[in-house]
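Asks: One structure, pasted below without further comment.
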Amino acid sequence: MDASDRGIVFPGRLPTFHRIRPPDSVADLVVWFWIPEWDLPPGEIARQQVISFPASNLVVEADVVGLAGPTTTSSFRNLSGRGWAVGALLRPAAVPAFTEDPARLRDDYLRMDLPALHEVVATEMNSGAVPELRRAEAVARFAEWVSEHVPAAEGEGLLANAAVELLTSDSSVCTLGDAAAALHVAPRTLQRLATRYVGLSPTAMIRRRRLQEAAERLRDEPELSLAEVAVELGYSDHAHLTRDFRAVLGLSPSEYRRQH
């Protein structure tokens, strides 16, 4: 299980959240499976804000299966009552199985007609098993469905996987040129892969990673000044960090740190 809460803006407000590594059979197609569960008192609302990873998510909810496209800002969802979801953060190689143009799904959520997937996941999530077993079985059924219905990653899809992994995890990669050089491809090739398999530009992916890292630093290292956070993450100054942060989250780094 991956305990990282990167991308979750206010982790303390999330009722219950789990990230589970995929089985080897779908490791080239799914980054991880994620499961939020909540059971809130009547009238209580938990507002969730996420700086999403630059990727698409296939999500099974209690009454629907949806495909969430890549986002350009932070996203919100208000939770109330009792519920659950089981999502798969898709690797780039899996995306063409669901859409030919992921850019058209930016900041959107498309209802998918996948009754067989919904049935097997919902059956496990609604079972009377202990929570750990229930979640494990739901993920196992989800992974089996992906293995059966999504073509295996190969060739260009694997290169797209490697590109996104680099752009979203390597803090030394600050420009399109850095990424292209590390992957031994032309910048134009990297841009084409990003268009076909992600729907966001490489530069947008780098910016998203830096904002996720900034949010983590602001939460977990209160002794660091904004200027120190900006320098460590490659911003020209803390004003640049503040502009990017406000554009995506709608509040400044200082305001975020106070609210957290």
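Asks: For the residue pair ASP101 and SER127, what label-to-label distance in nm results when each label sits 7 Å from Cα along the Cα-to-beta-carbon direction?
Replies: Taking the two extended label points, one gets 4.2 nm.
Asks: With springs only between Cα atoms under 10 Å, which of LEU193, LEU158, LEU133 fluctuates most in a Gaussian network model of the chain?
Replies: LEU133
Asks: Further, regarding this structure: Show me, for region 83-100, the HN-Hα J-couplings you get by feeding each phi into the Karplus relation (A = 6.51, B = -1.76, C = 1.60, θ = phi - 60°), rounded to Hz, glycine and proline as x.
Replies: x, 7, 8, 10, x, 10, 6, 7, 6, x, 4, 8, 4, x, 6, 10, 7, 7
Asks: Still on this structure, please answer the following. With a sphere of radius 13 Å drawn around the Cβ of LEU233, what net charge do the other residues whose Cβ falls strictly inside it have (Lys, Arg +1; Asp, Glu -1)?
Replies: Residues close to LEU233 contribute a combined charge of -3.
Asks: Which one, VAL31, VAL60, VAL248, has the greatest fluctuation when you compute a Gaussian network model over the chain with C-alpha springs under 10 angstrom?
Replies: Taking springs between Cα atoms under 10 Å, the residue moving most is VAL248.
Asks: Considering only ILE20, ILE35, ILE45, give the residue with the highest GNM mean-square fluctuation for the chain, with springs between Cα atoms whenever their separation is below 10 Å.
Replies: ILE45
Asks: Considering amide H positions built from the backbone, and no H for Pro or chain starts, which residues 5 or more places from GLN48, or on another chain, come under 5 Å of its amide H?
Replies: ARG77, ASN78, LEU79
Asks: Using a basic spin-label model with each label point 7 Å from the Cα along Cα→Cβ, how many nm lie between VAL231 and THR203?
Replies: Distance between label points: 2.7 nm.
Asks: Enumerate the helices in the chain for which the Kyte-Doolittle hydropathy averages -1.0 or more and the C-alpha atoms extend at least 18 Å along the helix's axis, using complete DSSP H runs.
Replies: Taking the DSSP H segments of the chain (at least 18 Å long, mean hydropathy at least -1.0), we get 131-149, 156-169.
Asks: Is the shape of the chain best called rounded, prolate or oblate, per the rule: a/c under 1.5 gives rounded, else a/b larger than b/c gives prolate, else oblate, with a ≥ b ≥ c the square roots of the Cα gyration tensor eigenvalues?
Replies: The shape class here is oblate.
Every number here is computed from the coordinates shown, using simple stated rules; none is lab data. What you see is a predicted model; the values in this text were computed from it and never measured. Cβ coordinates were reconstructed from backbone atoms using ideal geometry, including for glycine residues, and neighbour counts include every protein chain displayed.
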